[in-house]
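Presented below is the structure to which this report refers.
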Amino acid sequence: MGSLLPVLVAVTVVAAVGYAVGRWRMVLLAVLGPAAAIAVTESLKPLFGRTINDYWSFPSGHTTAVVSLLTVLALIWLRRPGRGVAVVVGSVFLVQAVLAAGMAIALIRLHLHYATDIAGGGCTGFAVVVVVAFVTERLGGRR
């Protein structure tokens, strides 16, 4: 779920919906939020240096990707978009949330991550997207 292809598909769907309804901040947030979160996570991994099975594990990149997408969707939905956009965003959010929970459990059960790796990835994904949302709103002239 947090691998490159599913993340790109979800980002593309959300950005396309934003483009279709003329909401440029939605497009920016959909593209920049997850990209920035993943970049931050990959930069943090060597700093923390925690490994499992000889791979850097903290924070979890898969979890960061999924939580960043969920955060983007939640922020868009909270802005009270039109009904059609809300239905699409809400549906994608629900599917992502269910899959994210399953992915987190699977990563721990398969000994690919510790529970703290999942928590760290989730916190990183959430925090970075909120910062990106704040910056895009400020640059767009909103308070």
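Quickly work out the Ser43-to-Cys123 label distance, labels modelled 7 Å from Cα along the C-beta direction, and quote it in nm with one decimal.
Placing both labels 7 Å beyond Cα along the Cβ direction yields 1.8 nm.
Could you work out the mean projected area of the convex hull around the alpha carbons of the chain, in square nanometres to one decimal? Please list the in-between numbers first.
On the way: hull surface 33.0 nm².
Its Cα hull, projected and averaged over all orientations, spans 8.3 nm².
When ligands, DNA and RNA are left out and all protein chains stay put, how many square angstrom of accessible area per residue does the chain have with a 1.4 Å probe?
Working: 8070 Å² over 143 residues.
Dividing the accessible area of the chain by its residue count gives 56 Å².
Go through the range 18-28 residue by residue and turn each phi into a ³J(HN,Hα) via Karplus (6.51, -1.76, 1.60, θ = phi - 60°); whole Hz please, and just put x for glycine and proline.
x, 5, 4, 9, x, 9, 5, 5, 5, 5, 4
Compare Gly18, Gly61, Gly49 in a GNM of the chain, Cα atoms joined below 10 Å, and give the one with the largest fluctuation.
Gly49
Kindly report, to the nearest 10 Å², the accessible surface of Val21 as traced by a 1.4 Å probe over protein heavy atoms only.
70
Would you work out the relative contact order for the chain, in percent, from Cα pairs under 8 angstrom that are 6 or more residues apart? Present the calculation step by step, with values, prior to reporting the outcome.
Working: 182 pairs, mean separation 47.8, N = 143.
Reported relative contact order: 33 percent.
Quick one: pull the percentage of alpha-carbon pairs in the range 1-85 with a separation above 22 Å. Working shown, then result.
Details: 1123 of 3570 pairs.
When every Cα pair of the range 1-85 is considered, 31 percent fall beyond 22 Å.
Could you tell me the center-to-center distance, by alpha carbons, between the range 122-137 and the range 1-49 in angstrom?
11
Considering only protein heavy atoms and a probe of 1.4 Å, how much of the accessible area of the chain is carbon and sulfur, as a whole percent? Please report the intermediate quantities before stating the final value.
Values: 5790 of 8070 Å².
C and S atoms contribute 72 percent here.
The values are calculated or read from the model by the stated rules, or taken from the named source; none is laboratory data. Quantities reported herein were computed from a predicted structural model and do not represent experimental measurements. Ideal geometry is used to build each Cβ from the backbone, glycine not excepted, and the neighbour counts take in all protein chains shown. When the accessible area is computed, the model is the full protein with side chains, heavy atoms only, and any ligands, DNA or RNA have been set aside. Shrake-Rupley method; radii C 1.70, N 1.55, O 1.52, S 1.80 Å.
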